[in-house]
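What follows is a short report on a single structure.
The values are calculated or read from the model by the stated rules, or taken from the named source; none is laboratory data. Computed from a predicted model, the values in this text were never measured in an experiment. Heads up, the Cβs are rebuilt from the backbone with ideal geometry, glycines too, and the neighbour counts pull from every protein chain shown.
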Amino acid sequence: MGDLQTQQQALRAQARAGQVRVTLHGHEEMMAEDVALGELLEALASAVVLEDYPEHRRGACCLVLGYTKRGRPLHVVCTSGLPVVVVITVYEPKPPKWVTPTERRG
């Protein structure tokens, strides 16, 4: 997929259409972080691509930030450019790794 805006729009559309699959690892992380499927879909529906990994060894993927309707920030690492979004992992960005939802600790 070309530019990040196009990629974001595609991810958002796929989330709204329910074209999302969660890997076992992603499901385990959702359970550990107490993230409901509805929250994941809400976050993907408002996804902003923070980091793009088009040449990843397991296939093109990206790190996105999205917010639930309650305002909870979620990071989602997922595939990009496929007919379905495959969620690799999900977590709430917080210290010590993250200063803010968009800024990594140096």
* Asked: Taking only pairs six or more apart or across chains, which ones have beta-carbon atoms under 6 Å, a first residue in region 74-102 that is touching a residue at least 60 places away in the same chain (Cβ under 8 Å) and closer than 16 Å to residue 58 by Cα, and a second residue that is assigned to a strand (DSSP E or B) and polar (S, T, N, Q)?
  -> 86/79
* To do: Mind counting the residues in region 46-78 that are out of contact with any Asp or Glu (no Cβ under 7 Å at 6 or more places or on another chain) and not in a strand (DSSP E or B)?
  => 11
* Which of the residues spanning region 1-20 are modelled with pLDDT under 90, surrounded by 11 or more Cβ atoms within 10 Å (Cβ to Cβ) and assigned to a loop (DSSP other than H, G, I, E, B)? -> 1
* Residue among 66, 59, 81 that is of a type in the set (Gly, Ala, Ser) and modelled with pLDDT of 95 or more -> 66
* Residue ID - surrounded by the most Cβ atoms within 10 Å (Cβ to Cβ), chosen from residues in region 37-78 that are farther than 21 Å from residue 104 by Cβ and of a type in the set (Asp, Glu) -> 39
* Asked: Do we have residue 90 as buried (at least 19 other Cβ atoms within 10 Å of the Cβ), assigned to a strand (DSSP E or B), touching a Gly at 6+ places or on another chain (Cβ under 9 Å) and not small (Gly, Ala, Ser) here?
  -> yes
* Quick one: is residue 58 free of Cβ contacts under 8 Å to residues at least 24 places away in the same chain and of a type in the set (D, E, K, R)? -> yes
* Return yes or no: is residue 81 in a loop (DSSP other than H, G, I, E, B), surrounded by 15 or more Cβ atoms within 10 Å (Cβ to Cβ) and among the small types (Gly, Ala, Ser)? => yes
